[in-house]
Amino acid sequence: MDTGLNGKVALVTGANHGIGAATAIALASEGADIFVTYLRLFPEWLGVGCNGELKASEDPGPNLYHKILAQGAEGVIRSVDSFGGRCEAWEVDLADPDNILRLMDKAEALLGKVDILVNNADHDQPDSFLPAAELPVSGLFGADYPGSGRAPVRWVSTTHPCGPVERAGGCPTPCR
């Protein structure tokens, strides 16, 4: 079955593990070229000590979870390469709104026009069982929401067939 993805460019944020990595690999298996972003999170940054157990842990639990968070995108790149596609990766903190502006420019400079955006980057609160009223404001949507939440808006503004004025005021259907 032809999925129509052959030769398309997909940008997948948060793609060094989990759903983002699986999505990037699935798109590549259908012929898409992939641009991935990721941010390795080391236990020390999260206020968690691992006492040297991070590299050795394969058992389910906090150490394995932190090992996964600390990995880069090398595995995803190898998988995309195995399908014969192109893959570029950028380790970037999408909590910085300026990086959102650079994101599309960088992806398009390396692979061409972005056809598909999978906005998977996220951040969670380690103690998310607190009532919402007790969480810091950034905990409601994740610390990176101000940045990564803008990625779809930036993508639409660079790819939509309507002009900027029409986009800002709402798009007539169908666009010209």
Review point. Counting only residues 5 or more places away or on other chains, whose amide H sits under 5 Å from the amide H of Leu117 once H atoms are built in the peptide plane?
Key: Leu11
Study note, to complete from the structure: Whole-Hz Karplus couplings 3J(HN,Hα) for segment 94-100, θ = phi - 60° and coefficients 6.51, -1.76, 1.60, Gly and Pro as x, run 7, 6, 8, x, 5, 5, 5
Review point. Amide H to amide H, which residues 5 or more places from Thr37 or on other chains are under 5 Å from it, using H placed in the peptide plane?
Key: Val12, Thr13, Gly14, Ala15, Trp90
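Quantify, in whole percent, the carbon and sulfur part of the accessible surface of segment 66-116 (1.4 Å probe; protein heavy atoms only). Walk me through the numbers before you get to the answer.
Working: 1260 of 2570 Å².
Carbon and sulfur together cover 49 percent of it.
Which length gain, in nm to one decimal place, applies between Glu30 and Ala109 when the Cα-Cα distance is subtracted from 0.36 nm times their residue separation? Intermediate results must be reported in sequence, preceding the final value.
Working: separation 79, 0.36 × 79 = 28.44 nm, distance 2.22 nm.
Taking Glu30 through Ala109 to full extension adds about 26.2 nm, to one decimal.
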Review point. What full-extension length gain, to one decimal in nm, is calculated for Arg78 and Arg102 as 0.36 nm per residue of separation minus the Cα-Cα distance?
Key: 6.2 nm
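The values are calculated or read from the model by the stated rules, or taken from the named source; none is laboratory data. Quick caveat, the model's predicted, so the values are computed rather than measured. SASA here: full protein model, heavy atoms, side chains in, ligands and nucleic acids out. Shrake-Rupley method; radii C 1.70, N 1.55, O 1.52, S 1.80 Å.
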